[in-house]
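Heads up, the thing below is written out as structure tokens.
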Amino acid sequence: MYRYPMNTARRRFLLGTGGLAASALLPNVMFARTGGSARLVVVILRGALDGLAAVPPYADPHYAGLRGELAIAAPGAADGALALDNTFGLHPSLAFLHQRYLGGELLVFNATASPYRDRSHFDGQNVLENGLTKPIGTADGWLNRALAALPRSSGQAHERAVAISQNVPLILRGDAPVMSKSPQATPDVDEDLLARLADLYSRDDWFSARLSEAVQTEKLADEGGSVAAAPAMMPASAPPTGATKPAADRVSGTARMAAMLMRSERGPQVAVIEASGWDTHANQGGAKGALAQRLGGLDQALRTLADELGPLWAQTAVLVVTEFGRTAAVNGTRGTDHGTGGCAFLAGGAVRGGRVIADWPGLAPAALLDHRDLRPTLDLRSLFKAVLDEHMRVDAKSLATRVFPDSSGARPLEGLMRA
């Protein structure tokens with residue numbers, strides 16, 4: 001656990017948040033190129049997004065009973081889901097994604113997962129990113145291997161991909177050259193860690209007050225407020241206000257940076273964005289609450305990405321994925337635990353959208369995996385292969401033997417991209 005005096009804590013938080021605005025300025029960036037090759041953005045939601053909240057199967061007869069107070073109502077009800085079809089909807093916080101669905105630019109996948117079947121975040125993320133069936137066995141990622149399989153054109157930049165991250169994530173590590181651009185000067189402070197620190201310091205008035213002050217100062221700085229305006233004392237339980245938006249809103253700044261780089265002269269074709277904080281064990285909320293705020297932040301980030309890409313949006317596909325889903329039933333702390341089957345999204349002007357793709361197993365007790373999880377029926381690698389084949393033009397042999405070895409059971413989906 002960290003124990004910093006008040007001034008050091010404040011300095012650490014401000015360095016972590018202030019760097020985003022400074023780095024996003026990106027001097028000397030040119031925006032001349034709007035034609036050429038396809039663009040791909042991969043958004044990794046770390047912590048395991050609850051797919052049954054993001055894409056509620058409102059018509060499943062077992063959904064409401066399993067979810068209890070976390071259930072999202074059917075379309076048309078107060079705070080109800082945004083209708084996709086007769087079975088599925090989108091969480092009401094995902095208004096931009098719903099617009100893209102209605103505009104034929106969003107595919108929604110449900111009951112999907114990587115080959116991983118245990119419930120460790122770290123191992124699950126490794127499998128999601130390495131493209132294998134096990135968390136260990138390679139030091140490179142499937143997206144880097146895909147880039148290495150592409151022919152290089154004479155006008156192509158040396159680095160074809162960028163990670164908007166403190167470090168290059170596993171998915172982009174490998175032989176193909178990539179670059180990283182940090183959205184902030186120091187690593188972001190995870191809100192789950194802050195919650196644990198608040199609990200640890202709850203019986204120490206001095207440390208509790210100092211932590212609360214640092215958190216509130218960070219939030220004000222993140223919104224462009226003045227350090228001097230930070231409250232000297234703020235109860236740890238104080239609810240967020242209009243001036244203290246959740247950390248997920250910061251993803252919009254990261255998305256803006258990715259778009260600016262991709263629009264630049266000889267900029268990267270591929271970008272990877274990470275967003276943490278999706279581990280909703282307690283007080284998850286339903287149509288409103290903690291998860292709803294994070295989903296709203298993600299939705300705004302995707303809107304920002306589309307707006308900033310401008311004409312390039314027509315050539316872009318955006319994959320939104322997470323390491324695994326969450327339990328079908330609500331737990332005893334009004335949240336959900338680590339699960340298996342979840343959801344994924346594919347958005348963009350290059351996507352032949354307006355469809356839900358799901359071999360739905362149902363939520364009946366006998367249908368659940370291990371009597372607790374949504375049973376996955378779609379391997380995420382089938383989605384990845386389709387995007388790399390139809391959009392990025394990676395050849396079938398490379399996909400089968402180099403990019404996703406030992407994946408013969410995950411046949412690529414077809415017809416996901418516009419001709």
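Could you tell me whether segment 254-407 comes out rounded, prolate or oblate from its Cα gyration tensor? Rule is a ≥ b ≥ c as square roots of the eigenvalues, rounded for a/c under 1.5, then prolate if a/b exceeds b/c, otherwise oblate. Oblate is the answer for segment 254-407, as a/c is 1.5 or above yet b/c matches or exceeds a/b.
Exposure proxy for Leu150, Leu128: other Cβ atoms within 10 Å of each Cβ, ordered fewest to most, give Leu150, Leu128.
A cut-off of 5 Å between modelled amide H atoms, ignoring neighbours fewer than 5 places along the same chain, links Ala163 with Met179, Ser180, Lys181, Val272.
Charge tally around Asn283: other residues with Cβ under 11 Å, Lys/Arg +1 each, Asp/Glu -1 each, net 0. Other residues with beta-carbon under 11 Å from the beta-carbon of Ser93 carry, at +1 per Lys or Arg and -1 per Asp or Glu, a net charge of 0. If the segment from Ala64 to Arg152 were pulled out straight at 0.36 nm per residue, it would be longer than the present Cα-Cα gap by 26.5 nm.
For Ala282 and Arg372, the FRET efficiency from 1/(1 + (r/R0)^6), where r spans their Cβ atoms and R0 equals 22 Å, is about 0.80. Annotation: amide H-H contacts under 5 Å for Gly353 (H modelled 1.01 Å from N, sequence separation of 5 or more, or interchain): Glu105, Leu106.
Length gained on full extension, Asn86 to Asn167, computed as 0.36 nm times the residue gap minus the Cα-Cα distance: 24.9 nm.
Going by neighbour counts of Cβ atoms within 10 Å, the residues Thr280, Thr87 line up, fewest first, as Thr87, Thr280. Annotation: amide H of Arg39 within the under-5 Å range of Thr316, Ala317, sequence separation 5 or more or interchain, hydrogens built in the peptide plane.
Between Gln99 and Met179, the modelled label-to-label distance comes to 3.1 nm, taking each label 7 Å out from Cα in the direction of the beta carbon.
No lab work stands behind these numbers, since they all come straight from the coordinates. This one's a predicted model, so the numbers in the text were calculated from it and none came from an experiment. No Cβ is skipped: glycine too gets one built from the backbone with ideal geometry, and neighbour counts run over all protein chains shown.
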